[in-house]
Amino acid sequence: MKVEKKVTVQIVSSLAKVFADEITGSYMTKWTALGGERVSFQLAMRLEARLSQYARVELEGSLPMTFREVKLVPVAYPCRSWQSDEDYIRKTAGLYPDLLEEAEGGVIRLAEGQWRSIWVDIRVPNGCTAGDYPLCVKLWDMDGTKLAEEELVLTVVGADLPPQTLKRTEWFYGDCLADYYGVEVFSERHWQIMEAFIRRAAEAGCTMILTPIFTPPLDTEVGMERTTIQLVEIERRDGEYRFDFQKLERWVRMCEDCGIRFFEMAHLFTQWGAAAAPKIMATLEGKKTRIFGWDTPADGEEYRRFLKAFLPKLCETLLRLGLAGRVYFHISDEPSAEHLEAYKSKKELVKSLIGEFGILDALSDLSFYEQGVVEEPVCASNHIAPFLERRRGKLWSYYCISQAVDVANRFIAMPSARNRIYGYQVFKFEMEGILHWGYNFYNAERSVKRINPYQSVDGEASFPAGDAFLVYPGKDGKPEDSIRMMVMEEAMEDVRALQLLESLTDHETVLRLVEEGLEEEITFSQYPKGESFCLELRRRVNEKIAELLS
């Protein structure tokens, strides 16, 4: 503090969480960064006065800087009481910091006797000259009185982050956006909204997108339907199928323009065992009709005949769009041992129809991998150890609701360091890609009802808070970030920085630097806790890069 102590302020890292009554993080004013990186920190503020009041934030520095207000959100269901560990900040219902909201006119509201915070982003341009860059954050009363001033220094290393090679997908749900904003699916307004959300995902390091060739058969109660979102127009006439791929072509062009490079087709069979066909709509005698769904056995003769007609035509279109080597198909999400033979037969059918395109599926059961039924599995992080031991090719990893003990995750009730450490883990074990099921899932469990994510961040106690989405549906059809969205972006930047260092040395040399001084090596379930490890390690990585380049 340099001025009147009407407001207590403290600069903390992006990994801190500022509750109304507590800050979980330590004071810091120095950072290092590479070119092309976004560096974030928080200014925590506590108003020492009897009445709440407005204040204006001012940022000064030679690098581009922006800020947003960190808003507290209602967390009714922070975690499963029977499935958690000690590395949670809190396990009780309450108000938790998560939503990042634009402050109109740079004005924020300070609450008397409570902590509030702003989230500051510094964008380091590519090719930025190496050196120290002083930055300053000032807080003003609305009558022009300076309330606080804090200074910090960002040291820029004279090297740019390399392009991201790690594939990353956060499952995207266009139907949820249509439902929330009350727009017709594939209306022009719907396309605009989807583009805004997809563009933000790509900016944050998502390189792959779930593509709704049919309404994705995910998280849907048996016998129920989600809002139809189907890119492929189908007509059945005289027993024959005809396909129109114009919407799919528009989707691909839009996604590529946003920065997406890889496309995963919506699952061809239902979740957790591939028992039924997905909901598929077609025009019959001039009327849109559901021709397949929960009442269609996955191995039924008519659905197999449909796939034999559809998949070759789809693949022809994908190849014509220049997507060779950039498309993955899904059979069924998380099959278990009793589904092995059924899954195998469906996978063999699909494989015979899609040529060289790849197949990905989330998997916890090792038997599918050992028998070669799933060649490129997306492994649950709490079941990945045996897959690593028997590794014979590309592996992916994922976490979600059940990965709540020991392993990294992004629940709101967890410390942000538990989110960011994931980057070091996927680098160490050379994952081909990472997947999460919820970029913008705004339904309750099994989609039995729609929810307002600003009122329920846990799908009405369906999932630990923060599991189902990374972004909030903001005003004007634009996404609003969460703290978790930003921390995952930092984790992706960590991977790229580690890969830069690896290009200057080798993988083993980088791992020695990462694990230097640790009593135990890093695994998916074993890693240093707390923010200091991630922050200090990134500083050492940057300094090593600077040393080697000098």
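The values are calculated or read from the model by the stated rules, or taken from the named source; none is laboratory data. Everything numeric here is computed off the predicted structure, so don't read it as measured data. Here the Cβ positions follow ideal geometry from the backbone for every residue, glycine too, while neighbour counts run over all protein chains shown. Keep in mind that these areas ignore ligands, DNA and RNA; they rest on the heavy atoms of the full protein, side chains included. Shrake-Rupley method; radii C 1.70, N 1.55, O 1.52, S 1.80 Å.
Numbers at a glance
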| quantity | calculated |
| --- | --- |
| In region 103-125, residue nearest to the chain's Cα centre (by Cα) [restricted to those that are surrounded by fewer than 14 Cβ atoms within 10 Å (Cβ to Cβ) and of a type in the set (D, E, K, R)] | 104 |
| Options 412, 384, 434, 401: the member that is under 20 Å from the mean Cα position of the chain (by Cα), in contact (Cβ under 8 Å) with a residue 60 or more places away in the chain and closer than 17 Å to residue 204 by Cα | 434 |
| Hey, residue 153 at pLDDT 95 or above, open to solvent by less than 10 Å² (accessible area, probe 1.4 Å), under 30 Å from the mean Cα position of the chain (by Cα) and among the hydrophobic types (A, V, I, L, M, F, W, C) or not | no |
| Qualifying residue in region 177-195 (condition: buried (at least 22 other Cβ atoms within 10 Å of the Cβ) and either without any contact (Cβ under 8 Å) to a residue 12 or more places away in the chain or of a type outside the set (A, V, I, L, M) (or both)) | no |
| Count of region 64-97 residues which are open to solvent by less than 20 Å² (accessible area, probe 1.4 Å) and either under 15 Å from residue 21 (Cα atoms) or aliphatic (A, V, I, L, M) (or both) | 5 |
| Subset of region 440-462 (residues that are of a type in the set (Gly, Ala, Ser) and open to solvent by 10 Å² or more (accessible area, probe 1.4 Å)) | 447, 456, 461, 462 |
| All strands (runs of 3 or more DSSP E) inside region 219-323 with 3 or more residues being without any contact (Cβ under 8 Å) to a residue 60 or more places away in the chain, touching a Cys at 6+ places or on another chain (Cβ under 8 Å) and under 28 Å from residue 441 (Cα atoms) | none |
| Selected residue (criterion: modelled with the lowest pLDDT) from residues of region 308-336 that are aliphatic (A, V, I, L, M) and open to solvent by less than 60 Å² (accessible area, probe 1.4 Å) | 331 |
| Qualifying residue in region 503-517 (condition: at pLDDT 95 or above and within 21 Å of the chain's Cα centre (by Cα)) | no |
| Some residue of region 361-369 being in contact with a strand residue (DSSP E or B) (Cβ under 6 Å, 6 or more places away or on another chain) and in a helix (DSSP H, G or I) | yes |
| Of residues in region 510-550 being touching a Lys or Arg at 6+ places or on another chain (Cβ under 9 Å) and among the β-branched types (Val, Ile, Thr), the one surrounded by the fewest Cβ atoms within 10 Å (Cβ to Cβ) | 523 |
| Test for residue 59: is it more than 26 Å from residue 412 (Cα to Cα) and touching a residue at least 24 places away in the same chain (Cβ under 8 Å) | yes |
| Some residue of region 379-386 being in contact with a Cys (Cβ under 8 Å, 6 or more places away or on another chain), open to solvent by 10 Å² or more (accessible area, probe 1.4 Å) and not in a loop (DSSP other than H, G, I, E, B) | no |
| Scope region 259-296; condition out of contact with any strand residue (DSSP E or B) (no Cβ under 6 Å at 6 or more places or on another chain), among the aliphatic types (A, V, I, L, M) and open to solvent by 10 Å² or more (accessible area, probe 1.4 Å); matching residues | 275 |
| Search result, residues across region 308-325 that are touching a helix residue (DSSP H, G or I) at 6+ places or on another chain (Cβ under 7 Å), of a type in the set (A, V, I, L, M) and under 19 Å from residue 277 (Cα atoms) | 311 |
| Residues (of a type in the set (Ser, Thr, Tyr) and within 21 Å of residue 218 (Cα to Cα)) located in region 314-344 | 328, 332, 336, 343 |
| Residue within region 389-405 that is farther than 30 Å from residue 482 by Cβ, of a type in the set (S, T, N, Q) and either part of a helix (DSSP H, G or I) or open to solvent by 10 Å² or more (accessible area, probe 1.4 Å) (or both) present | no |
| Enumeration of residues in region 31-44 that are in contact with a Ser or Thr (Cβ under 7 Å, 6 or more places away or on another chain) and of a type outside the set (Phe, Trp, Tyr) | 32, 40, 42, 43, 44 |
| Selection from region 463-480 of residues that are open to solvent by 10 Å² or more (accessible area, probe 1.4 Å) and under 11 Å from the mean Cα position of the chain (by Cα) | none |
| Every pair of residues 6+ apart whose Cβ atoms lie under 9 Å, when the first sits in region 354-378 and is under 13 Å from residue 333 (Cα atoms) and open to solvent by 10 Å² or more (accessible area, probe 1.4 Å) while the second is part of a strand (DSSP E or B) and hydrophobic (A, V, I, L, M, F, W, C) | 359/329; 364/379; 364/380 |
| So residue 40, is it surrounded by 13 or more Cβ atoms within 10 Å (Cβ to Cβ) and among the small types (Gly, Ala, Ser) | yes |
| Residue satisfying condition, being among the basic types (Lys, Arg), modelled with pLDDT under 95 and open to solvent by 10 Å² or more (accessible area, probe 1.4 Å), within set 305, 237, 250, 242 | 237 |
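To keep it simple, each residue is scored yes or no on (1) modelled with pLDDT of 95 or more; (2) closer than 22 Å to residue 473 by Cα.
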| position | (1), (2) |
| --- | --- |
| 89 | yes, no |
| 92 | yes, no |
| 98 | yes, yes |
| 102 | yes, yes |
| 112 | no, no |
| 116 | yes, no |
| 120 | yes, yes |
| 129 | yes, no |
